[in-house]
Amino acid sequence: SARDGDVVRDAVLAFPELSEVVGSGETKTSFVTREGMQVDVRTVHPDQVGSALLYFTGSKVHNIQLRQRAIDRGWLLSEYGLFEGEKVVASKTEKEIYRDLGLDFIPPPLREGSGEIEAAAEGALPRLIQRKHIRGDLHYHSTRSGDGRSSPEKMVEAAIAAGYEYVAFTEHGEDLAINGSNRREMLSHRNRLRRLGEKYPEVRILFGCELNIGADGELDYDPEFRLEFDYCVASIHSHFDLPPERQTARILRVLEDPAVNAIGHLTGRYLGRRPGVELDVDAVLEGLAITGVALEINGALQRLDASAEVARQAVAQGVDVVIDTDAHHVSDLIRMEYGVTYAQRGWVPRARVLNARPIEKVLEKVAARR
Ligand SMILES: [Zn+2]
Ligand SMILES: [Zn+2]
């Protein structure tokens, strides 16, 4: 907010990601970033920051419902404020606008017009998971995986820098061509992780694996060897074109294996490149609820899988969620922010998130499956 549009325009021109200014007026400056995204910068009066923010944040459905709620009270809601005739009821902050409309503050990720206004009116919004609640990452690769690009040591240091209490290295199982590790490689990797654990006692390092879900739900190694791992996430990396019944069946079969603690990137979708596999979500979530296996929300921007819709349904059915980065490089740790924000869109509360719990609780859950 500012009273002087020139100040804003100068700030835009100094923005390092700026490629080109494509429009400039008194209250609006538009530019394109070097990555090709258009950004509109608006200048509003300081007293109207709340109403402008609310208006431009959307979603459309949410805003329509809010405006209707204002009309029901004989008011009008616009980007300039909440008005009773000429009189401003509220405009400075989003919070006071929600309050005057008889609502708890609704965080932006929930503003989808999918029941959040009713919940806010009843004081029944979820206590959403936040980044600061996250205690560890349970899907993590290093150069031990063929496609990992940072050494285990660098990945441990990154986990410590991220403030984690624990991290599970889940290198690819041997069935993944090229990138997988055989038994001998995994066991020597375990020794390496133990040495790292001695060097970095501030973080608990788990020896894990990302198992590959075969066409009929078969998994890497054998049942005994799989139990050598402290923690396993099982994921689909192949056979994306099987019919839905078989996709569902292969996942349900995997849930029977006591070594499996989470299902990674449920559908295998790659946004903009490949749709996810089709499966019976109800049946899978029921299986997860019964077995106590967690549903992953993968924070990689190309994945964001399971979807927010599935996550919301999972939470409603009592399934635990685990928010992971699937990091293959130290620069991938930022994905935890993305994963958490996306989980918020799925109404995921802190209480349902496996990696928001202390390590003892995580290990208890693993032990309970065995
Ligand atoms: Zn994977
Ligand atoms: Zn992975």
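The values are calculated or read from the model by the stated rules, or taken from the named source; none is laboratory data. These numbers come from a predicted model, not from an experiment. Cβ atoms come from the backbone with ideal geometry, glycine included; neighbour counts cover every protein chain shown. Note: accessible area is taken over every heavy atom of the protein model, side chains too, but ligands, DNA and RNA are not part of it. Shrake-Rupley method; radii C 1.70, N 1.55, O 1.52, S 1.80 Å.
Mind listing just one residue for me: the one in the stretch 231-267 that is assigned to a loop (DSSP other than H, G, I, E, B) and farther than 24 Å from Gly299 by Cβ and, of those, farthest from ligand 2 (Cβ to nearest atom)?
Only one residue fits best here, namely Pro243.
When Val49, Val39, Val22 are checked against the criterion of being free of Cβ contacts under 8 Å to residues at least 60 places away in the same chain, over 30 Å from the mean Cα position of the chain (by Cα) and either farther than 25 Å from Gly102 by Cα or surrounded by 13 or more Cβ atoms within 10 Å (Cβ to Cβ) (or both), Val22 stands alone in meeting it. State whether one or more residues within the stretch 148-158 are in a helix (DSSP H, G or I) and loosely packed, with under 15 Cβ neighbours inside 10 Å. Yes, the stretch 148-158 has at least one match.
With respect to the conditions (1) modelled with pLDDT of 95 or more; (2) more than 24 Å from Tyr342 (Cβ to Cβ), Leu103 falls short on a single one, namely (2). Across the stretch 295-326, the number of residues qualifying as more than 14 Å from ligand 2 (Cβ to nearest atom) and under 19 Å from Val277 (Cβ atoms) comes to 11.
Take Ala177 and tell me if it is out of contact with any Leu (no Cβ under 8 Å at 6 or more places or on another chain) and within 16 Å of ligand 2 (Cβ to nearest atom). Yes; evaluated as a whole, the condition is true for this residue. Condition (residue is under 30 Å from the mean Cα position of the chain (by Cα) and part of a loop (DSSP other than H, G, I, E, B)) applied to the stretch 8-16: is it met by at least one residue? Checked against the condition, which is being under 30 Å from the mean Cα position of the chain (by Cα) and part of a loop (DSSP other than H, G, I, E, B), the stretch 8-16 yields at least one hit.
Residue check, Leu354 against (1) open to solvent by 20 Å² or more (accessible area, probe 1.4 Å); (2) over 21 Å from Ile106 (Cβ atoms), all met but one. Which one? That leaves (1) as the condition not met. Suppose the filter is assigned by TED's automatic domain parsing to the domain that holds Ile213, touching a helix residue (DSSP H, G or I) at 6+ places or on another chain (Cβ under 8 Å) and within 13 Å of ligand 2 (Cβ to nearest atom); does Ser150 pass it? Here the answer is no, as Ser150 does not meet what is asked. The set of residues in the stretch 205-248 being within 12 Å of ligand 1 (Cβ to nearest atom), within 20 Å of Tyr166 (Cα to Cα) and not hydrophobic (A, V, I, L, M, F, W, C) consists of Glu210 alone. Which residue, of Glu360, Glu364, Glu337, is surrounded by fewer than 23 Cβ atoms within 10 Å (Cβ to Cβ), over 18 Å from the mean Cα position of the chain (by Cα) and under 21 Å from Gln130 (Cα atoms)? Step by step, each of Glu360, Glu364, Glu337 is checked, and only Glu360 is surrounded by fewer than 23 Cβ atoms within 10 Å (Cβ to Cβ), over 18 Å from the mean Cα position of the chain (by Cα) and under 21 Å from Gln130 (Cα atoms).
You will find that of Val22, Val44, the residue that is among the hydrophobic types (A, V, I, L, M, F, W, C) and assigned to a loop (DSSP other than H, G, I, E, B) is Val44 and no other.
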